[in-house]
Amino acid sequence: MDASRYIVKNGNDPTPGNITEEKESELEEFIDYAKIIMGALGHKLFEPLTDKPKAAVPIESPEDELLLFLKRKSRKSGLVIEASCKQTNEGFVVLKGSHIETIDSESIPPGIKERRQKAKIDENGILQEDILVRSPSYAAAFVIGGHVNGLIEWKTKDGVSLKEIENNEDN
């Protein structure tokens, strides 16, 4: 539930009962092993989509988590769409609080349309949860509501596009 990766349908929260400290330690170790095994099998159900900041002092993002921004005036609604996204080792996470275009284009990919319908977006178009997608173009399509080139649309706070960053890494 804390990782917000899946919907937990079992609402029961059992009481811990009367167990000894030794038994509790053994059970905690069992849980840790289960987390390791699940992670090794590629099921990251206990890990949050993005790491929550642990310190009150802002720390620069590590290179493996690139923070990107998209700002564009929508032709469909006339609103300025502003979103932020974090590149992680699993893909691209459109961050909670991003402004999402609420009107879909006719050319929107079916998978993105379905994700947009299931996502928690309030009546003002503000995303209420982090959304993980595999590519920058899918992340941008999720935000814009239609086909878009994510390599060009996603930019750093300095205005450098993702395509420029990738081209610089190749050199």
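The values are calculated or read from the model by the stated rules, or taken from the named source; none is laboratory data. Everything numeric in this text was worked out from a predicted model, so none of it was measured. Note that we place each Cβ from the backbone using ideal geometry, even for glycine, and neighbour counts take in every protein chain shown. Please note that ligands, DNA and RNA were not included when accessible areas were found on the heavy atoms of the full protein model with its side chains. Shrake-Rupley method; radii C 1.70, N 1.55, O 1.52, S 1.80 Å.
So here's what we get for this one:
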| item | result |
| --- | --- |
| Boolean, Ile31 is in a loop (DSSP other than H, G, I, E, B) and at pLDDT 75 or above | no |
| Condition met for Gly97 (within 26 Å of Leu45 (Cβ to Cβ) and in a loop (DSSP other than H, G, I, E, B)) | yes |
| Any hit, region 105-122, residues being of a type outside the set (A, V, I, L, M) and in contact with a Lys or Arg (Cβ under 8 Å, 6 or more places away or on another chain) | yes |
| Qualifying positions in region 137-152 - in contact with a Ser or Thr (Cβ under 8 Å, 6 or more places away or on another chain) and not in a loop (DSSP other than H, G, I, E, B) | Val143, Ile144, Gly150, Leu151, Ile152 |
| Qualifying residue in region 128-143 (condition: at negative phi, without any contact (Cβ under 8 Å) to a residue 12 or more places away in the chain, out of contact with any helix residue (DSSP H, G or I) (no Cβ under 8 Å at 6 or more places or on another chain) and hydrophobic (A, V, I, L, M, F, W, C)) | no |
| Single match in Lys9, Lys35, Lys23 (criterion: within 24 Å of the chain's Cα centre (by Cα) and farther than 26 Å from Glu65 by Cα) | Lys9 |
| Close pairs from region 104-118: first basic (Lys, Arg), partner open to solvent by 20 Å² or more (accessible area, probe 1.4 Å) and at pLDDT 85 or above, Cβ under 9 Å, at least 6 apart | Lys113/Asp104; Arg115/Tyr138; Arg116/Thr102; Arg116/Asp104 |
| Unique residue being at pLDDT below 85, within 23 Å of Trp154 (Cβ to Cβ), surrounded by 13 or more Cβ atoms within 10 Å (Cβ to Cβ) and out of contact with any strand residue (DSSP E or B) (no Cβ under 6 Å at 6 or more places or on another chain) when the list is Lys52, Lys76 | Lys76 |
